[in-house]
Every structure is written in structure tokens, then in C-alpha cells.
1. Determine the gain in length on full extension of the stretch A:L7-A:A93; use 0.36 nm per residue of separation and subtract their C-alpha separation, reporting nm with one decimal.
2. Which sequence of A:E255, A:E13 reflects their accessible areas, 1.4 Å probe, from the largest down?
3. Residue by residue through the range A:122-139, what is 3J(HN,Hα) from phi via Karplus (6.51 cos²θ - 1.76 cosθ + 1.60, θ = phi - 60°)? Round to whole Hz and write x for glycine and proline.
4. Take every Cα-Cα distance within the range B:2-120, group them into 10 Å bins from 0 onward, and report for each bin the whole-number percent of pairs it holds.
5. Calculate, in whole percent, how much of the Cα-Cα pair population of chain B lies beyond 29 Å.
6. Enumerate the calculated ³J(HN,Hα) couplings along the range B:102-114 in order (Karplus 6.51 cos²θ - 1.76 cosθ + 1.60, θ = phi - 60°), each rounded to whole Hz, writing x wherever the residue is Gly or Pro.
7. How high is the FRET efficiency from A:M155 to B:E55, r the C-beta distance, R0 45 Å, rounded to 0.05?
8. Of the trypsin sites (Lys or Arg not before Pro) in the range A:407-469, which ones lie in a loop per DSSP and count no more than 12 other C-beta atoms within 10 Å?
Amino acid sequence: MDLQELLEMGKQERDRQDLKQTRIRCCTAAGCLSSGAAAVKNSLEAAVTVANLEDSVEVCGVGCLRFCGRGALVEIDPHRILYEEVTAENAPAIISALSGEERNQEGLPVQGDRQHPFFALQMPIVLENSGKIDPERIEEYIAVGGYQQLHHVLMEMTPQEVIEEIAKSGLRGRGGGGYPTGLKWATVAKMPKGQKYVVCNADEGDPGAFMDRSVLESDPHRILEGMAIAGYAVGANYGYIYVRAEYPLAIKRLEKAIQQAKKYELLGSQIFDSTFDFKIDIRVGAGAFVCGEETALIASIEGKRGNPRPRPPYPAESGLWECPTLINNVETLANIVPIIREGSDWYASIGTENSKGTKVFALTGKVCNTGLIEVPMGTTVRQIVEEMGGGVPDSGTVKAVQTGGPSGGCIPAEFFDTPVDYESLLKLGTMMGSGGAIVMDENTSMVEIARFYMEFCRGESCGKCVPCRAGTVQLYELLSKFLDQQATHADLEKLKALSYMVKETSLCGLGISAPNPILSTLRYFSEEYEELIQQDSLNGKVTV
Amino acid sequence: MSVRTLTIDGQPVAIAEGATILEAAKEAGIHIPTLCFLEGVSAVAACRMCLVEVEGISKLLPACVTQVAEEMVVHTNTPKLQEYRRMTVELLFAEGNHVCSICVANGNCELQDAAIKVGMDHTRFPYRFPNRSVDVSHPQFGIDHNRCILCTRCVRVCDEIEGAHVWDVAQRGTAAYIVSGLNQPWGEVDACTSCGKCVDACPTGAIFRKGTTTAEKQRDRAKLEFLVNAREKHEWTR
Ligand SMILES: Cc1cc2nc3c(=O)[nH]c(=O)nc-3n(C[C@H](O)[C@H](O)[C@H](O)COP(=O)(O)O)c2cc1C
Ligand code: SF4
Ligand code: SF4
Ligand code: SF4
Ligand code: FES
Ligand code: FES
């Protein structure tokens, strides 16, 4: 395919869509599918047929519409009416309301408020196509400009220029660590010529997190295009997407996307008749959290046990089969196309001094509005939790929000005016992580939360190194001792000492960060630990 | 070959580029405790006993895999390292069932040595008393999982020196254990050549020769080094 054909294909698809007056977009991402979205879509299609509206109305399946907590969601163009908690029974009413007159008729689902801060404060860059295009049709991706940036890069930029552009944008890795993406690309590019790889880390194992899943399910071609651009920049001709087996829909859509891209020669040999070859394969992970750690992920792709190994050497130097390997997170790669399209200055103008662009969060827990949000870096925690999230249901009070998953920590309500960026969160003793944001209300026991994460780490430890394998077990037991009100002051000291030991001596990020939920709750909620300490004389028993 | 000079515990050391801190320390006569390290097979940096402090680097670094650098200033025995090493040994003792008094390796055990070295007289962590098995299906050898510290020295020696790859690690976290073959009894694994290298490699009494009684286990550790030298340097005499 050449540029002319690409543009023509996009135009044809837009013309096709313009022929219809109304486009009914049904969310068919995993969240809504679990609320019956497939049946909703089917009955909407049936209702269109019954009403004889096939010529003017199109029903299409799209990616996540973001208000996942109120699924199944349906949005109607051009009026941008959003219906919440739609069921199959609502379909006839929705179709007959299209004429505009009977908007208040019975059987219509609740209408969502597009002006609500939940939507209004969002800034879609990563999610710009999510909920708009059908992720299973490459035509729709091309209709919104897809693969044009790959063409632009191959024809008009040197690999060096691409890397500079990414570096200037200020993009940092969204997989948790926040490592400058441009610098990582430059390192891989500087390695001697030869076999190199690009790996997309789609393992996303944090409890409560579904940002990467949504991107993969909603806009898979964007990841392929981002990976191909990365491959061109660093001199790689092969890419792997490592997805967890728990994401079957994401896997299915990625497979479809790869096939379509191959069919139109947007992946494969001599893309756009250039000298650049790029192939992408999927590797399905068998469900170990630690396989998201880059060295374990590499071992897993190589067909070995997914154990981390000490770094250095870093994958950029020696990764897959000891070749230089670029590993980036899904969301990181999803930022590439817009940066190339709009320029690094544009991207760098969004966000804060040291954290550029936007961040996608999965807002969950004790909060009225749960779902996916994409906000500029620097948005305050308060805006996210209270304005967008609408606070705790039934007018409860927010106690804290947990970010960074098992590697992170809690932000207590008194620090809610902190802007969300890499450094501020670290200062608060938590981290950006991949973007889980779990809201907790005043009834939440922070010791309980710490134990929940420790249970997770204990179970997910690969078992290779002693502090993590044996230490997390003892940390879990100690926390249980508190919750059983059997702990003494000596146990509190032990808890602290062991937390620091596990943090400072573990081999990989899992063990290094496993004590963070303890240390962060101890920092802000130490009285909750104190309260659980057994009184010196309880029920007449004396303890030492 | 170029040479690097560095300081270990105040002592200047010169050593070939590419050497590890552990090798440099050995050269200088400074002992750094190790458990998973075994001369002649690949290093995995898993036990974390050999962690050292390097000035200017906030992370603790495993001496067994960290290469020396020019003007590096290494401390191998700070109070913090002493505390963490002790905790590591305590965690290992609490994790398995280590009853030294009835162990074939009593007096010849690297875990025991480490405990003495770090001054551990008790563990402050409660014993886990895991329910682990003993496999004596092999005609000559046995493996007692109660004494295994998962250092994977047996795995590496069997794979990298003998080339049989009888051993591997199954499960994860606290459930992890050493398996033979396709999780079969050791005696049923055809790949095993009964060479005994894993017996020599095991730092504890976990893998032993049958018929060995308490405190009788002796290892010929030099045999492994000899084999590696024979293969790599073609030195065929001890
Ligand atoms: C235990 C553990 C689990 C991880 N899981 C993930 C994951 O699921 N997805 C991810 O992108 N990065 C994960 N990471 C971080 C990756 O190792 C790596 O830093 C990241 O993929 C780099 O991409 P980025 O620079 O684009 O962020 C994990 C790290 C650790 C220590
Ligand atoms: S820190 Fe935990 S997960 Fe990482 S290597 Fe050690 S045991 Fe495995
Ligand atoms: S006896 Fe030799 S071949 Fe058999 S398991 Fe031990 S090292 Fe491997
Ligand atoms: S059996 Fe011995 S050598 Fe093998 S892992 Fe256990 S302690 Fe180490
Ligand atoms: S999954 Fe449907 S709105 Fe997110
Ligand atoms: S000897 Fe270095 S970590 Fe075990």
C-alpha cells in the first residue's frame, strides 16, 4: 500500500459513515461486555431492522466509553447522547427516540451527563479513538488518520530525528518507573547494528488496573503503529506483544489487527515500499505478575521460567536472546502516534515541569463514578477523586486513595491538593505506577489494606531470592498478628525492620516495592497499627 | 587485559577488568558470605548474602555479579549489612525445617556456617514448619526438601556441567520447590547419570548420598572446579 491508497481508504470509510445520519456506538470493551453489551448491540441492530432504518442508522461496536461503572454504555451521534446501564430491553425505545420527539418516553435508559467533570476534565490523547472507532476494523482506524504517522516517519524522518522528537516531548514510561522514553530509545539505537527487538509490555498485573487492557481492546492498531515507529527508530525489525492470558478479548483484537495490517502491507516487508521491515507477534503470558518485570518477561518470551535476573545488563543492551531490546508499556507506545503527529512542542506543553502529557487512571473503589479517565499530568488528586469521581457514595468521607498498586502506597485526604506527577507522588511515599487509583472511605482499615497487598506479593513472588520469598511471608504473618490483635510493640519494630530489609535487599522490583504499602500506611496511619497492639494486660493475660 | 584498582574495606586491590567484587575481595583475603554462589557455574544473585555497599550508589549490590570499576570504594561488613545478612539467615531457618542435630551435613553445612558467621543464635521469626517431602527413589542418592534453601546450585551444576538438566524449580514464592525430571521421583528420571555433582554442589544436607549418617556428608567441591577447568582451559590434571 502507498500513501495515496491509504488516504483513499480513509476517505472511502468516512464517506461510508457520512451516508448514515446516525451512528449508534455501543461499548464492546470487556467492562461493558460483562454487563451484557453484546446483547445490547444485537437488539439495537434488530430494532433498527424492525424500524426499517438500516439506510440511515448504523450500529457499531466501539472501544471503552470510559464510564465503565455504568455499563453497558451506548452513545449516539451526532447528538452525542450517552445512555447508561443499557439493557437489551431498552433497544426499541432508544431507536424510536432517534426521531427526537419522544425523548422522555418509557423504556429509555438513564441519560449520562457529558458535561459532568468526569468527562469534562479529561484530555484524551491516548484514548482519543477509544469509544469512537470500531477496534476490529482497520478501515476505521485509517479513517481517523491511522498509519499516516508511520508513513511520515519512514519517508521524511531519520531514526535519529524520531528519537529526538520523542525525547523532546518529555514522554516518560507509563509502566510504572517513569524512565525517559527518548533516552531508552536512544540507548537501544546506539547499540551496534544487528538483530534488535521491540517489546510491548501488556502484562498489566496490578490488582484493580485496566488501563492497558482498555487501550488494547479499544484501539489496537495504535499500538502496532507505535511499535513500528519505535522499531524504525531503534533499528529493530521484529516486535513482540506480551499480553496476559487473562485478556482474551485484547488478544483476539490484537490478532485481528495484526492480520489486517499485514494484509494491507502496513506490517511486514518493505512497508510503504521503504527498506523498513517490521513484523509483530503476540506472546501470551500464563498469568504471573512478576512476568511484567522486564527481565522476567524476556525469559518468558524465550520460553523459560519467568524469573527476573539482576540488572545490569539492561534489556536495552542485552535483552531477548541477548540482543538489544526496547521494552515499553502499552500506554507509552500509545503516546507515540500523537507525538509524531502534533509535534513534541505540543506534547511538552501539556502536564508539569518534569511529567509531560497525560496519564490514564483506572478509578475504582469507594467512589461514585468508576471508570477510565485520562487527565493531564498535574491534575490534583482532589480533582480526580472528588470532582471526577464524585467522592464516596452515600455521602461518606474519603480517607485515602491508593495508587501504584502493590508497589505503591496511600495518599491520605489531607494531601489531596497534590498535583499528580511522578515526583510529587514519590514524595508522598507512593508512586504513579501503571495507573490504578483505588479510593478508600473512612471505614477502610489501612492495616487490612497493607495485608491485602502483602498477600498479593507473597503469592506472586517468584521465589528466587530469599528476602522476597521468605520475607513477604513473615510480613504477611506479622500484619495478621496485628489484625488478630495479638501484636506487641516488639512486633511493630520487627515489622519496620523487616520491611526495610525486604525493600533494600530483594532482587527485583516486586520484592523491592512489596513493603511500600506497609511503609506508606505506617507513615500516615500509624495510629491504626498502635490501636491494634494488644494491651499489656488484656483479659487478665500478661504479655511480654 | 586491563586492570582495575579499587578499595575494599579500606584495602587497595588491583584486579583484571571484568572481575566481580567477590573475586576481588577473595584476592584481597576478605571474606564475603555467599550461599547461592558456586565457582564454575553461572551466578544468579539469589540468596542476597553477598550484598555490599558501594560509595556513591544507594542500592546494595550483590558482590557475586557486580563487576569492579575503577576507584570503586566497597564496604563489605557495615552494621547494616551485618543486620541484613543475619535477617536473611534467620528467614531461611524459619522457612524450612532445619534440624541440624539429625542432619547428614551437620558440621559440613554452609547454612550452618553462615549462621555462625552472622552470629545468629535464634531466629526472631516464627518457624513455618512446612510440610515437605523426602525422595529416596534414586538408588544412590536422596533429596530431603526440608533442608533445601532453593539456592539452585544443583539445578545449575547438573545443567551446566553435567549437561543432564535433571533439576528445575517448580511453583513460585513460598510454594517453590526443586523438581526432578518432569516432576517425577528422582529414581525415575532417565536423564540422571548418577554423577553425584549435585551432591557435591548442595550447600546443605538437602541432597545426600544414601547411607550417609548424621554429620558425615563430605563434599568434593574442588571436583566441580576441576571439571570446569578441564573443559574450559583444557587442564586435565588436578
Ligand atoms: C513486579 C513487576 C511487575 C511489572 N509489571 C508491569 C506491567 O504489567 N506492565 C508494564 O508495562 N510494566 C510493568 N513493570 C515495569 C516493567 O518492568 C518495565 O519497567 C516497563 O515495561 C518499561 O516500560 P516503560 O518505560 O514504557 O514504562 C513491572 C515491574 C515489576 C518490577
Ligand atoms: S524480588 Fe521476589 S519476584 Fe523478584 S526475584 Fe526476588 S523472589 Fe523473585
Ligand atoms: S547425579 Fe548428576 S545427573 Fe543426576 S541429578 Fe545429580 S548432577 Fe544431575
Ligand atoms: S537441593 Fe541443595 S543445591 Fe539444590 S536448591 Fe536445595 S539447597 Fe540448593
Ligand atoms: S468498558 Fe464500556 S465504558 Fe469502559
Ligand atoms: S552469593 Fe551473591 S546473592 Fe547469593
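1. So the chain would gain 27.1 nm between A:L7 and A:A93.
2. Working: A:E255 90, A:E13 10 Å².
Result of the area sort, largest leading: A:E255, A:E13.
3. Listing the rounded values in order: 7, 9, x, 10, 5, 9, 4, 9, 5, x, 9, 10, 7, x, 8, 10, 4, 4 Hz.
4. 13, 43, 31, 11, 2
5. 33 percent
6. Couplings: 10, 9, 5, 9, 3, x, 10, 10, 6, 5, 4, 4, 4 Hz.
7. Details: r = 51 Å, r/R0 = 1.12.
Efficiency, rounded to the nearest 0.05: 0.35.
8. none
The values are calculated or read from the model by the stated rules, or taken from the named source; none is laboratory data. All values reported here derive from a predicted model rather than from experimental measurement. Glycine also receives a Cβ, built like all others from the backbone with ideal geometry; neighbour counts cover every protein chain displayed. Ligands, DNA and RNA are stripped out before the accessible areas are found, and what is left, the full protein with its side chains, is counted by its heavy atoms. Shrake-Rupley method; radii C 1.70, N 1.55, O 1.52, S 1.80 Å.
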